[in-house]
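Engineer: The structure under discussion is supplied below as structure tokens; questions concerning it will follow.
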Amino acid sequence: MQYILVYDISDDNTRNKLRELLKNYGAERIQYSAFKAELEEPQLIELMQKAERLLRGTDGALIAIPICTKDQQKIISIGKQTHETTII
């Protein structure tokens, strides 16, 4: 299943660690604080558990939003992208 992972983290160090964690799971950046990743349920659970440990004691948050194949085709994007691929 594909997920959009969105975070809101004020601490630079924590934010950088979370970005690296997301990249380690194959997530690709689609906006400054949003990534897209293809994850099986066990991978998602593992990722969220690691993120929870990383965010413990902070005011940060991470949200994983599932996107089905049908809805992926409906994504509309305008403006500057943060990576080379435009999502449409």
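The values are calculated or read from the model by the stated rules, or taken from the named source; none is laboratory data. None of these values were measured; they are calculated from a predicted model. To get the accessible areas, we keep the full protein, side chains included, count just its heavy atoms, and leave off ligands, DNA and RNA. Shrake-Rupley method; radii C 1.70, N 1.55, O 1.52, S 1.80 Å.
Engineer: Got the relative contact order for the chain handy, in percent, Cα pairs under 8 Å and 6 or more residues apart?
Structural biologist: With pairs under 8 Å counted, the relative contact order is 42 percent.
Engineer: Right, something else. Just read off the accessible area of Ile63 with the full protein assembly in place, 1.4 Å probe, to the nearest 10 Å².
Structural biologist: 100 Å²
Engineer: Let me ask you something else. Before I look further, what does the chain give for accessible area per residue, probe 1.4 Å, in whole square angstrom?
Structural biologist: Per residue, the chain has an accessible area of 67 Å².
Engineer: While we're here: Compute the long axis of helix 12-24 from its Cα atoms, compare it with the longest principal axis of the Cα atoms of the chain, and write down the angle in degrees, 0 to 90, nearest 10.
Structural biologist: Roughly 50 degrees between the two axes.
Engineer: Relative to the longest principal axis of the chain, what angle (0 to 90°, nearest 10) does the C-alpha long axis of helix 41-55 take?
Structural biologist: 50 degrees
Engineer: Using a ≥ b ≥ c from the Cα gyration tensor of the chain (square roots of the eigenvalues), is it rounded, prolate or oblate, where a/c under 1.5 gives rounded and otherwise the larger of a/b and b/c decides, a/b for prolate?
Structural biologist: Oblate, since a/c reaches 1.5 and b/c is not below a/b.
Engineer: With all protein chains present, how much of the accessible area of the chain (probe radius 1.4 Å) comes from carbon and sulfur, to the nearest whole percent?
Structural biologist: 50 percent
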